[in-house]
Amino acid sequence: MGRDTEPTIFELSAPGRVAASFRTTGIPAWSAEELVPAAALRQEPLHLAEISERDLTAHFTRLTHRQYAVDLGAYPLGSCTMKYNPKLCDDAAAMPGLTGAHPAAPASTIQGWLELFVELEETLCAITGMAAATLQPPAGASGELTGLLLMRAYHGAGSARHRVVIPDSAHGTNPASVTLGGYDVTTVPTDERGCVDLAALRSVLGDDVAGIMLTNPNTLGLFEEEILEIAAAVHEVGGLLYYDGANLNAILGVCRPGDMGFDIVHMNLHKTFAVPHGGGGPGAGPVAVTARLADFLPGPRPVRLPEGGFDWSTPTQSIGRVHGWHGNSLALARAWSYILANGGDGLRRVAERAVLNATWLRHRLRGVYDIPFDRPNMHEFVASTASLKKATGLRAGDVAKRLLEEGFHAPTVYFPLIVEEALMIEPTETESPETLAALGDALELIAREALDAGSADAARAAPRTTPVGRVDEARAARQLIPTFDARP
């Protein structure tokens, strides 16, 4: 089959083929009509692909070979912390004692699981400087919504507080979560140093503000140096501070959101603590809070019993469940194994090396690409092709496509929105100096090609070596075909 011609599973289908067959037994056959009420039966047969096991296996194996993955190479996707995940954590989460437990099992039969939950919660609270946490949210966005619901519960029914403040460099999920939480969004600008404009923030604060959502370091990879002043200003009007944990990888073991003044913290365990990230899950987005918010946490929560052992308990003013059962439990087990394997000193080295790698790469690319905020960064930084675009037409999207030909996944492009032609780069702590150097070489090569030729034609033709070439994105947006019709 050709490079660009992998068929869909329905195109491989042929009538009568099956991937598995079972021997008949002496057990009487039951018809669908005898087992299910006729009114509940589908009137038309469901058209499914009919394919042999051999062709089925080959099809999905070919698809996996067409994908780039974090296990293949650097994945410097800014703000997403796509780092290598140690296989030790997968092995720990695959232990039969963990995988064999039913989520509805009585607490007396899953004491080991409950102990894992409690110890993980206590450790996450120690890392973030919080008093209590919920492990239920299955991802960061779910954690954001949970945090907003906790904020709403704290302020009480009928509260006049209807606004939540977010910076203009915020993650795109922040305004969406604010809206889902029933609040109005108020945006504050970034100052010339890349941080929250404190004067502008103070001008929008009032007794109708429920809180502020931000991350530190922020989405530009810069530490909010006036965070204590920000916290004091928000608290002064009765608001709460919500910490978006997307960038927690940068401060592990170095400083804590709780010490900065935050009241609510969500953590992306699928970013920071070695749970596989991407592809739709599974994720884990625990939310930790200060003592005054603990009674509102989702329940039930795993707790230690005074007489020993563990059980479930629901806080007195709980907002209720935010996820079925107890969150993505095996993702939580992976994260706990990662924390145990690293220890406190190891987690601090994670942050230190993440900052070191990003800083080294920023210095390497200085003079090749624009660095809009060229000052000490944390785990990520934002470069820009604005000058190259003026000189050669090279855009951030062209760099991203061309980088695929050099064996690297593209960084985040065109985000944050406040930076023209943004390239948001996060190399993470797991990449070696040799990999960083190769990534720097590739980015320099792309810029030099455009400058030497006086145009971005080479990059505009990319990617030429991948299973799928560049698509017509404008046409795809205008003529979207969201479903595949499998009917003959």
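The values are calculated or read from the model by the stated rules, or taken from the named source; none is laboratory data. Source: prediction; values computed, not measured. Note that we place each Cβ from the backbone using ideal geometry, even for glycine, and neighbour counts take in every protein chain shown. The accessibility values were calculated without ligands, DNA or RNA, using every heavy atom of the protein model including side chains. Shrake-Rupley method; radii C 1.70, N 1.55, O 1.52, S 1.80 Å.
Scoring 308-320, 38-50, 252-264 by mean Cβ neighbours within 10 Å over their residues and listing the highest first yields 252-264, 308-320, 38-50. Here the simple spin-label model places points 7 Å from the Cα toward Cβ, and for Ala69 and Arg42 these points are separated by 3.0 nm. Beta bridges assigned by DSSP with both partners in the chain are antiparallel in approximately 55 percent of cases. Based on C-alpha pairs under 8 angstrom that are at least 6 apart in sequence, the chain has a relative contact order of 18 percent.
In sequence order, segment 233-239 has phi-based couplings of 5, 5, 5, 4, 9, x, x Hz under the Karplus curve 6.51 cos²θ - 1.76 cosθ + 1.60, θ = phi - 60°, and Gly or Pro positions carry x.
Taking the highest mean first, how do the peptides 412-419, 170-177, 369-376 order by number of other beta carbon atoms within 10 angstrom per residue?
For the peptides 412-419, 170-177, 369-376, the packing ranking is 170-177, 412-419, 369-376.
Separation of segment 124-169 from segment 84-103 is 29 Å, based on Cα centroids. The order of Lys83, Lys401 by accessible area, most exposed first and with a 1.4 Å probe, is Lys401, Lys83.
What separates the Cα centres of segment 181-206 and segment 437-488 is a distance of 36 Å. Across segment 290-397, Cα pairs under 8 Å and at least six residues apart give a relative contact order of 15 percent.
Roughly what percent of Cα-Cα pairs across the chain reach past 42 Å? Don't jump to the answer; show the numbers that get you there.
Details: 32985 of 118828 pairs.
For the chain, the fraction of Cα-Cα distances above 42 Å is 28 percent.
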